[in-house]
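Step one of this worksheet: look at the structure below.
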Amino acid sequence: MSVLKERVFSGVQPTGNLHLGNYLGAISRFVALQERFECIYCVVDMHAITVPQDPEALTRQIREVAAAFIASGVDPKNHIIFNQSQVAEHAELAWVLNCVARMGWMNRMTQFKEKASKDRENASLGLYAYPTLMAADILVYRANAVPVGEDQKQHLELTRDIAQKFNNDFASSIARNGFGDTFFPLPEPLIQGTSTRVMSLRDGTKKMSKSDPSDYSRINLTDDADAIAQKVRKAKTDPEPIPETVEELANRPEAENLVGIFATLADKPREAVLAEFAGNQFSVFKSALVDIVVAKLGPIGAEMQRLVADPAYIDSVLVDGSDRARVIARQTMDAVKDIVGFVRART
């Protein structure tokens, strides 16, 4: 079994309030990668339940994320859009990888420390172990690359460590089963564009988040033009004008964030944005930013609302994508069972 075309895997959690950070940091990149890669895009609903979820809301949010993929331009006929829980091989491989990963590696994962905070005794085992499920998500498709933001690089490094250890631990069995020197590829990070991390509109030192209690901290993909304009105009800035150089943004997190958002949406380097607006007050810059955000997100939000109103269509896309994903995942899982030494049914 070999991967003939480079394959990309990525996923988005269905935890509500998809926002500009999700779009710029992930979904818009999914669209761009379609031209060069075989793409598998997943609504990672099994990751979502590592913390409590309302079941009815989760169903709605799974469909919303799928709608965002499609509305943004991901082609569900030529690429795969599915939800994780429909492909059981994710969980099946995760258990094998749990037995490969080391406790020391898991203890170093910063996101568990952040999410569990001081209440670690009440955190779920799933929250602690979910990095191995994330590794399984990628490795079950033997993906070559993963589009990630800076904050996800640690998880991809763990995935590479697990893949390397599996390849080393089972080297003789991998060769004996006809897979050559290695079985799992070591997936590479794809970090693209001018803005890989979008920050809160209320605090430029914090990532834009679905969970922030203030809706003014983020621009939701479904916000209308008036809401977008109000949020951008209320976005925190400092009293200094727009600087001339990128270096001058270094200690101005809110200014740096807004310039980065503009640059990414305009598909321009930050230097070009600063050259256009240098010396202007933020009121002038924000007016231009409103225009470009509305122009980019308005059609996506409208299409998302149309798609969400047709859940039967969304479900058909997810079922079709899951069926196609399962074919790939089953091949990998059958091979893993042979490599590990399990006895399995053969047809």
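The values are calculated or read from the model by the stated rules, or taken from the named source; none is laboratory data. Since we're looking at a predicted model, the values are computed, not measured. We place every Cβ from the backbone using ideal geometry, glycine too, and count neighbours over all the protein chains shown.
With the checklist (1) of a type outside the set (D, E); (2) modelled with pLDDT under 95; (3) over 27 Å from F9 (Cα atoms) in hand, flag the one item S287 doesn't pass.
It fails just one condition, (2).
For segment 151-169, does any single residue satisfy the condition of being more than 30 Å from Q13 (Cβ to Cβ) and surrounded by fewer than 21 Cβ atoms within 10 Å (Cβ to Cβ)?
Yes, segment 151-169 contains a residue that is more than 30 Å from Q13 (Cβ to Cβ) and surrounded by fewer than 21 Cβ atoms within 10 Å (Cβ to Cβ).
Taking F179 and the conditions (1) surrounded by fewer than 15 Cβ atoms within 10 Å (Cβ to Cβ); (2) among the hydrophobic types (A, V, I, L, M, F, W, C); (3) not in a helix (DSSP H, G or I), which numbered condition does it fall short on, given that it satisfies the others?
In the conditions (1) surrounded by fewer than 15 Cβ atoms within 10 Å (Cβ to Cβ); (2) among the hydrophobic types (A, V, I, L, M, F, W, C); (3) not in a helix (DSSP H, G or I), F179 misses (1) alone.
So in segment 217-237, with the set limited to residues that are touching a residue at least 40 places away in the same chain (Cβ under 8 Å) and in a loop (DSSP other than H, G, I, E, B), which one is farthest from M304 (Cα to Cα)?
My answer is T237.
For every residue, the table says whether it meets (1) under 16 Å from the mean Cα position of the chain (by Cα); (2) charged (D, E, K, R).
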| residue | (1), (2) |
| --- | --- |
| I40 | yes, no |
| I49 | no, no |
| Q53 | no, no |
| V74 | yes, no |
| K77 | no, yes |
| I81 | yes, no |
| Q86 | no, no |
| V100 | no, no |
| R120 | no, yes |
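So which helices (runs of 4 or more DSSP H) stay within segment 34-130 end to end and still have 3 or more residues that are touching a His at 6+ places or on another chain (Cβ under 9 Å) and not assigned by TED's automatic domain parsing to the domain that holds L221?
none
D137 passes all but one of (1) farther than 18 Å from I27 by Cα; (2) modelled with pLDDT of 95 or more; which number fails?
(1)
Quickly run through segment 300-347 and pick out the residues that are closer than 17 Å to T59 by Cα, among the small types (G, A, S) and without any contact (Cβ under 8 Å) to a residue 12 or more places away in the chain.
Across segment 300-347, the qualifying residues are A309, A312, S316.
Do we find that E64 is acidic (D, E), more than 17 Å from the chain's Cα centre (by Cα) and buried (at least 20 other Cβ atoms within 10 Å of the Cβ) in this structure?
no
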